[in-house]
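Q: This is the structure I have questions about; it appears just below.
The values are calculated or read from the model by the stated rules, or taken from the named source; none is laboratory data. From a predicted model like this one, the values you see are computed outputs, not experimental measurements. Methodologically, a virtual Cβ is constructed for each residue, glycine included, from the backbone with ideal geometry; neighbour enumeration extends over all protein chains shown.
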Amino acid sequence: AGRHFAGSPGDAAHHAAGPLDEARIRTRFPPEPNGYLHIGHAKSICLNFGLARDYGGACHLRFDDTNPEKEEQEYVDAIKDMVQWLGWSWGDNLYEASSYFDFMYRAAEALVEAGLAYVDEQTPEEMRQNRGDFGTPGTNSPWRDRSPADNLARFREMRDGKHPDGAMVLRAKIDMASPNINLRDPTIYRIKHAEHHATGNRWCIYPMYTFAHPIEDALERITHSICTLEFEDQRPFYDWLLNQLADLGLLARPLPRQFEFGRLNLNYVVTSKRKLRQLVEESHVSGWDDPRMPTLVGLRRRGYTPESVRAMVEATGVTKQNAWIEDTVLDGCLRADLEPQAPRAFAVLQPLKLKLTNFAEVFGSDAHREPCETAAHPHKPELGQRRFTLGPELWIETEDFMEVPVKGYFRLFPGNKVRLKAGYVIECTGCEKGADGSVTAVLATVVPDTKSGTPGADAVKVKGVIGWVAAHEAVAAEIRLYERLFTTPQPDAGEGNFLDFVNPNSLRVVQGFVEPSLAGAVADQRWQFERHGYFVSDRVDHRADKPVFNKITGLRDSFAK
Ligand code: ATP
Ligand code: MG
Ligand code: MG
């Protein structure tokens, strides 16, 4: 059996964790590389890496790749990328659970030899029936009292590929009457003739998660094995297994301890990998990184900053309750992060033409370009000035004109004056209309000597200030506006299919204009578009000659977002 017995357990522990320092805490983030990380994982990442940082310890990034199916290198790479994006570093502590398969197999044989594990040949259905239920003790398997020697021979046959999938399993021998169902002889190894992304066809038996995970923790000398609440009932088996293996001399004490905390759940979001995959595969979204997805690649592309994700996770705290958090909390964190630093810009999302009919009169010619400027950020002079020019034709927001104003409307309507922000006061004189009666252009005149920042600019009082982009230098841009992906706060809570609650209006694409200072924008830059909210140049589709901006969130919460 030599090929399965390379190295000694001491070597394994040493190799896994480096020189031991018992005083330091050691945590781990152990994703299964079977999908992309989501906002819930961010909680676990920040908790584990944060504890290590705060207490001068180390946090391991461990790929929990003990299940041969559905695991792929693509996910391994994406997970590393996202942990780094969130701002964490695993240093030298990068591990793969599959590299412990030899040790796990050896541990299983040791349990068999000690009479603590047996090969069970019941059908899955029989095993289910004999497990019992809450309040009903289970029934011992007819195979439970086989001798260690027979069990060992049978287990080696399993390993050597002599039996098909599902023919038998290896079970820990604990107590079929335990009030904790997880202690009723849990399965620890199963037959699976499947190729593994890291170990290829070397194995046709694979350890169960509940067996593999404690061993991974122990070999890496983890001190705090932090997991979500649903694993609370697994803790007795975690401790049972590690103590048996320590008694058998396979593991060193002190052993890791498991701690549970509440999952992070967000309203209007699903985080099950299976459901996220379904959204992608059934084309409800454009991919794992669709800006509407709660995956970290999706949140990044949407424009959320790592700081905002970390702040949100911190704001929700660590509790023993599975918390449901409002999705607006993340938006609040994003605003708090961007408000003090994001440069401002004018953008017109629903453009309407505005013609300054006295432009040539005031400035000498319609070919004149009147320079205007304003601070890139109201409180950050170091970000410099935004410069643009005024010409005879502008783009303004459609909603900034009303031919017949409603009560309390201070923007453009015939006879009213407004200020073009960082420009002149103008007076609306009327509008042009198309054959169908719709407004095609607003008409206005410039009020001379009212340029922002010049003496006397305030002589003419106005109640409304509007954004604008001069038509001659406006940069045409595709702007993607998002609403929640689901129409109900907990789409996967009740009966019914979560896909029935996909919001058909979650993406709206408009063709707008942005100010000329954005002509040189590169991908993944963020701005506050004045009055509209926070936007990012799309990291995938944005080009200098074909700009694409995603709306991250508005300036404040609104129901439609
Ligand atoms: P899924 O159910 O979507 O497959 P998972 O928990 O099985 O998620 P893993 O890759 O095993 O995914 O997760 C890695 C770590 O992230 C685990 O320690 C898990 O407890 C933690 N985690 C996953 N989802 C959440 C969540 N919503 N809140 C907090 N921690 C989470
Ligand atoms: Mg999973
Ligand atoms: Mg899991």
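Q: Of the residues LYS162, LYS192, only one is surrounded by fewer than 18 Cβ atoms within 10 Å (Cβ to Cβ), in contact with a Cys (Cβ under 7 Å, 6 or more places away or on another chain) and not aromatic (Phe, Trp, Tyr); which?
A: Selected residue: LYS192, the only one of LYS162, LYS192 that is surrounded by fewer than 18 Cβ atoms within 10 Å (Cβ to Cβ), in contact with a Cys (Cβ under 7 Å, 6 or more places away or on another chain) and not aromatic (Phe, Trp, Tyr).
Q: Out of the residues in the range 193-220 that are under 30 Å from PRO179 (Cα atoms) and charged (D, E, K, R), which is farthest from ligand 2 (Cβ to nearest atom)?
A: Among those that are under 30 Å from PRO179 (Cα atoms) and charged (D, E, K, R), it is ASP217.
Q: What number of residues within the range 196-222 are surrounded by fewer than 23 Cβ atoms within 10 Å (Cβ to Cβ) and within 22 Å of ARG263 (Cα to Cα)?
A: 2
Q: What are the pairs with Cβ atoms under 7 angstrom where one residue, in the range 52-71, is within 30 Å of ALA194 (Cα to Cα) and at pLDDT below 95 and the other, located anywhere, is away from ligand 3 (no atom under 16 Å from the Cβ) and of a type in the set (Lys, Arg)? Sequence gap at least six, or different chains.
A: PRO68/LYS192
Q: To continue, here is another question. Within the range 43-61, track down each residue that is within 16 Å of ligand 2 (Cβ to nearest atom) and crowded, with 24+ Cβ neighbours inside 10 Å.
A: Correct list: LYS43, ILE45.
Q: Here's another thing I want to ask about it. Condition first: free of Cβ contacts under 8 Å to residues at least 24 places away in the same chain and crowded, with 16+ Cβ neighbours inside 10 Å. Now tell me which residues in the range 346-362 satisfy that.
A: Of everything in the range 346-362, nothing turns out to be free of Cβ contacts under 8 Å to residues at least 24 places away in the same chain and crowded, with 16+ Cβ neighbours inside 10 Å.
Q: Go through (1) in a strand (DSSP E or B); (2) under 28 Å from ASP366 (Cβ atoms); (3) in contact with a Ser or Thr (Cβ under 8 Å, 6 or more places away or on another chain) for TYR534 and report which single condition fails.
A: (2)
Q: Additional query: Output the qualifying pairs, or none if there are none: Cβ atoms under 6 angstrom, residues six or more apart or on different chains, first residue in the range 30-45 and more than 16 Å from ASP217 (Cα to Cα), second residue of a type in the set (Asp, Glu) and more than 10 Å from ligand 3 (Cβ to nearest atom).
A: Between residues of the range 30-45 that are more than 16 Å from ASP217 (Cα to Cα) and residues that are of a type in the set (Asp, Glu) and more than 10 Å from ligand 3 (Cβ to nearest atom), the close pairs are PRO33/ASP65; PRO33/GLU71; ASN34/GLU71.
Q: Looking at the range 249-285, which of its residues are hydroxyl-bearing (Ser, Thr, Tyr), more than 16 Å from ligand 3 (Cβ to nearest atom) and surrounded by fewer than 16 Cβ atoms within 10 Å (Cβ to Cβ)?
A: Listed by number, the list holds a single entry, SER283.
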